1. A:T285: within 12 Å of another protein chain (Cβ to nearest Cβ), at pLDDT below 95 and crowded, with 20+ Cβ neighbours inside 10 Å, yes or no?
2. Restricting attention to segment B:161-169, does a residue exist that is modelled with pLDDT of 95 or more and of a type in the set (D, E, K, R)?
3. Just name the residue that is surrounded by the most Cβ atoms within 10 Å (Cβ to Cβ) out of those in segment A:23-50 that are part of a loop (DSSP other than H, G, I, E, B) and within 13 Å of the chain's Cα centre (by Cα).
4. Condition test on B:V326, is it out of contact with any Asp or Glu (no Cβ under 6 Å at 6 or more places or on another chain) and either in a helix (DSSP H, G or I) or within 22 Å of A:S227 (Cα to Cα) (or both)?
5. Working only within segment B:187-243, note down all residues that are in a helix (DSSP H, G or I), within 14 Å of another protein chain (Cβ to nearest Cβ), among the hydroxyl-bearing types (S, T, Y) and surrounded by fewer than 20 Cβ atoms within 10 Å (Cβ to Cβ).
6. Quick one: which of A:T378, A:T387 is of a type outside the set (A, V, I, L, M, F, W, C), touching a strand residue (DSSP E or B) at 6+ places or on another chain (Cβ under 9 Å) and modelled with pLDDT under 90?
7. So is A:V293 facing chain B (nearest Cβ under 10 Å), β-branched (V, I, T) and not in a loop (DSSP other than H, G, I, E, B) or not?
8. Just to be sure before I move on: is A:Y318 closer than 30 Å to A:D235 by Cα and either modelled with pLDDT of 95 or more or part of a helix (DSSP H, G or I) (or both) in the structure I sent?
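The values are calculated or read from the model by the stated rules, or taken from the named source; none is laboratory data. Treat the numbers as computed from the prediction; the structure is a model and nothing was measured. Don't worry about glycine lacking a Cβ; one is built from the backbone with ideal geometry, like all the others, and counts go over all protein chains shown.
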Amino acid sequence: MNMPENDKQSLSMVTCTAPVNIAVIKYWGKRDEDLILPINSSLSVTLHQDQLKTTTTVACSRNFQQDRIWLNGKEEDISNPRLQSCLQEIRRFSRKRRNTGDSTSDVSGVSHKVHICSVNNFPTAAGLASSASGYACLVYTLSQLFGVESEQLSAVARQGSGSACRSLYGGFVQWKLGEQLDGKDSLAEQVESESYWPELRVLTLVVSAEQKSVGSTSGMHASVETSQLLKYRADVVVPSRMEEMIRVIRERDFPAFGELTMKDSNQFHAICLDTYPPIFYLNNTSHRIISLVHRYNQYYGETRVAYTFDAGPNAVIYTLQDHLSEFVQVVRHFFPPEVSGEEFVKGLPVCSADLSEELKRDINMEPTPKGIRYIISTKVIRGQCHTEAV
Amino acid sequence: MPENDKQSLSMVTCTAPVNIAVIKYWGKRDEDLILPINSSLSVTLHQDQLKTTTTVACSRNFQQDRIWLNGKEEDISNPRLQSCLQEIRRFSRKRRNTGDSTSDVSGVSHKVHICSVNNFPTAAGLASSASGYACLVYTLSQLFGVESEQLSAVARQGSGSACRSLYGGFVQWKLGEQLDGKDSLAEQVESESYWPELRVLTLVVSAEQKSVGSTSGMHASVETSQLLKYRADVVVPSRMEEMIRVIRERDFPAFGELTMKDSNQFHAICLDTYPPIFYLNNTSHRIISLVHRYNQYYGETRVAYTFDAGPNAVIYTLQDHLSEFVQVVRHFFPPEVSGEEFVKGLPVCSADLSEELKRDINMEPTPKGIRYIISTKAGPGPCVVKDPNHHLLGADGLPKKTV
């Protein structure tokens, strides 16, 4: 743990990074809107920060007049209730520590104002949920500055953005729904670390930009209010899927992992369709990607590749290292990119591969030129949030 | 009375309607008897705009059963067709043996020639199996003298939703409890004259790649969707009660909302199927969006959509809102300038749209997204065509040249 800078101006400063996570069993719907408690548990895979991360610097000084925040270069409104929630909670935990006399870092600053600056190394237009990595990073950085124990961070991050609590851990992470009304048992915990399944690979297929979708917060609220199928999903389907997902991860059973991931993605979008008015996050290209995955798997007679979609048209593909090159080539073939322009595959290098004519013929789909803007190739992260040396 | 000439040829021609479900049937509990996992409810559409016409001829001179559909001879050994033929013959023999006969039933041991046409194109994507099987079964029953109460079960075994096309107006197909399916029957909820202001528009969307067929689609859903059982056991029973009530109360906003919700839930089940089934395309989504924005503008449900296993929309509305909504569709889905007429069927008056309405709906127009519209309303059940000139088969038992 680094010590915050402390110079004549009594300025403390800490910088940290936090990862993005992609759910394989989805969170969609709250039982408590203020504490952000979910109606069902969820499980995610934390992605490697070399490809996707949020970086946040927090400075604290007695000379600051007010709390301020800059996101991706632009000053934002600090009075946002979610931000306030995080700030208040962290300060509360910190004061509690100070009062009990337990202090390993400079906590005198907790009564001072903070300046927060946060950037993502991936574009917002990529449609990757940056609120999870953003709030996880904010909360973690504040905790480093003010000396708050990591066990308490889940609850704080969760109140910024539900899925943020899952970004506090690496590898495979579950967010337990909890039973208590005060949400103290609604926390994230690691299921297995990333080194557990080193062959697992993740591709994000960034689909061409289209009209703005319904935001997650209002979308899931509408689903809770109007979908008659959602309660059954939360009470009956998800609990058994959580057990199954944990089991197939521990067994490193990719076909079962893949099938369950696809089914839960589809069921989430089914709930969106069962909402009134209905919500459509998947577009034409998303449908084609789904079709491509099923045909590819059918060709080989096994689940080698799995898709999952969040509240937007971008696909996240899970596969094993062995199949990575070929599947990327398949995507390139059926979604031919712009010839010039940015590189099509970013992130971890992917070897080239040849596709057999038989495979192309069997998949039997019309190519969709420029349907996918680019691909980010990554893997499961080694650790969780990092504190950077300053 | 069937025609009966020196050649001992009996012939009957009937027509039967299309029906559009507002509470959907999707999933069987018995594949052979075609028994559903939940009840369903539909509106029977008027035959002036949409119907199947079937002629059945019966003669001792026919060597074998034969069938022509829309001008083309088809395979009579299709299990569903065989099912209908066998069942009707069984019922007819039972009647003959009990000595109860008001029509010529001697022909039941003879072979039949069947000729059937639709007055709407197959490409319209309107489920013609319902009207087709209903018409076949009804026509056979007229020829062989089978009581109408027994027809539900026979039509159902040809195509589930066909039993709902045996009645006019608002029709429910009760799921039934018995394993032999004898209580899985259609019955009229209210006649077509009960709600005369109700109007129906079919929006025929531009043709695209073929979707998954209904029979295999619903089978996959029963096998793989964990949400379907809950829908069938819990959601649909209460929706059936509610739908019957709102129809009897002629409560359009409630009728419309429930119709849209059930259409959406059906498509949600398709998405929860593995592999997932997508029947709604981009244009379908835009139509859905248009309806919600239009209703939101007026602060009430004036228009409702429902979609079956395909991208075409069926719109329910009241006569008062018909002209304006058709104009709204024309504005946001501008048709080809030349070419076929955009609105077929019942005439629709023109209407002006306020700038405020167009601005508020705030959608990009989708040129040629909708090929054409059929304007219709609720209508009666099957009937016999008395005019012998309308027989589709000639005296030789073969399709007339004009067919």
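1. Values: within 12 Å of another protein chain (Cβ to nearest Cβ): yes; at pLDDT below 95: yes; crowded, with 20+ Cβ neighbours inside 10 Å: yes.
It is true that A:T285 is within 12 Å of another protein chain (Cβ to nearest Cβ), at pLDDT below 95 and crowded, with 20+ Cβ neighbours inside 10 Å.
2. yes
3. As a first pass, look at segment A:23-50 and keep what is part of a loop (DSSP other than H, G, I, E, B): A:26-29, A:33-36, A:39-41, A:48-50.
With the extra rule that they be within 13 Å of the chain's Cα centre (by Cα), the set shrinks to A:26-27, A:48-49.
Details: A:K26: 27, A:Y27: 25, A:H48: 21, A:Q49: 23.
That would be A:K26.
4. For B:V326, the condition - out of contact with any Asp or Glu (no Cβ under 6 Å at 6 or more places or on another chain) and either in a helix (DSSP H, G or I) or within 22 Å of A:S227 (Cα to Cα) (or both) - is met.
5. If the condition is that a residue be in a helix (DSSP H, G or I), within 14 Å of another protein chain (Cβ to nearest Cβ), among the hydroxyl-bearing types (S, T, Y) and surrounded by fewer than 20 Cβ atoms within 10 Å (Cβ to Cβ), then B:T224, B:Y230, B:S238 are the ones that fit.
6. Numbers: A:T378 fails: modelled with pLDDT under 90.
The conditions single out A:T387.
7. So A:V293 passes the test.
8. Details: closer than 30 Å to A:D235 by Cα: yes; either modelled with pLDDT of 95 or more or part of a helix (DSSP H, G or I) (or both): yes.
So A:Y318 passes the test.
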